[in-house]
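Notes follow once the structure below has been shown.
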Amino acid sequence: MRGSARRIVRHLWLAALFAVATTSLFLLSRDGSAAAGLSLATAFVGLAFLGATLMVGPLNERLGRPNPVSTNLRRDIGIWAAIGGVIHTVAGLQVHMKGDIVRYFIPDLATGHFISKGVVAFLSANYTGLGATLLLLVLLAISNDVALRTIGVTRWKRIQRLNYLLFALVVVHGILYIVVDKSGWLIVVPFIAIVAVVVEVQTSGRRARKTSRPVG
């Protein structure tokens, strides 16, 4: 099978996985509004796909496989992580404040009250989410051969490493919203599990890289 055909098949599999996972999580979170359900579902699916992009390289190193600067597999998973992130952002902005987007980033001071810790956490969650979304769009824009050739391998790889910052922002965003929404263990446990798996695979991949380097 040629490379282009292989990528089409891979995208079909990823699309199916994305749709099944999102739909399943959406149906399991029917207690709230449709926007809240879609926001929660795509938050977990997007986080899982984003985490997967960070695990491809370390898994290659653990298995002793070649680990090039860029692979179509990592790019394709990243594309679906971006799709999940964008959907999550659009849906999430409809959950609170009756969809008043300005209130997500600028508190209502008309009451004359001091800003509470809950409001600070809410605003911080939204600003980290905004930063993550912008980074996600940047990384999506360079996820192609044209960008790789135009920017150059060294600069492209430097920009691509922003994926680690993106993951960190997403994790902080998730923690803050867990606090804001006072989420239960059905949300907290899977969130911690996904983050823990990504961190463990990254850590073990770094160890494998160090041990594989020749001494002297």
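Each residue of region 96-103 was assigned a 3J(HN,Hα) from its phi angle through the Karplus curve 6.51 cos²θ - 1.76 cosθ + 1.60 (θ = phi - 60°); the sequence is 9, 6, 6, x, 7, 4, 4, 5 Hz, with glycine and proline shown as x. Residues Ser4, Ser124, Ser39, Ser143, arranged from fewest to most other Cβ atoms within 10 angstrom of their Cβ, appear as Ser4, Ser124, Ser143, Ser39. Shown here: Kirkwood radius over Cα pairs in Å, derived from the displayed model; of the candidates (i) 18.9; (ii) 17.7; (iii) 17.2, it corresponds to (i). The count of lysine pairs in the chain with alpha-carbon distances below 27 Å, taking only pairs 8 or more places apart or on different chains, stands at 4.
Bear in mind these aren't lab numbers, they're just calculated from the coordinates by the rules spelled out. Every value quoted in this text rests on a predicted model; they were computed, and no experiment measured them. All Cβ positions, glycine included, derive from the backbone under ideal geometry; neighbour counts span all protein chains shown.
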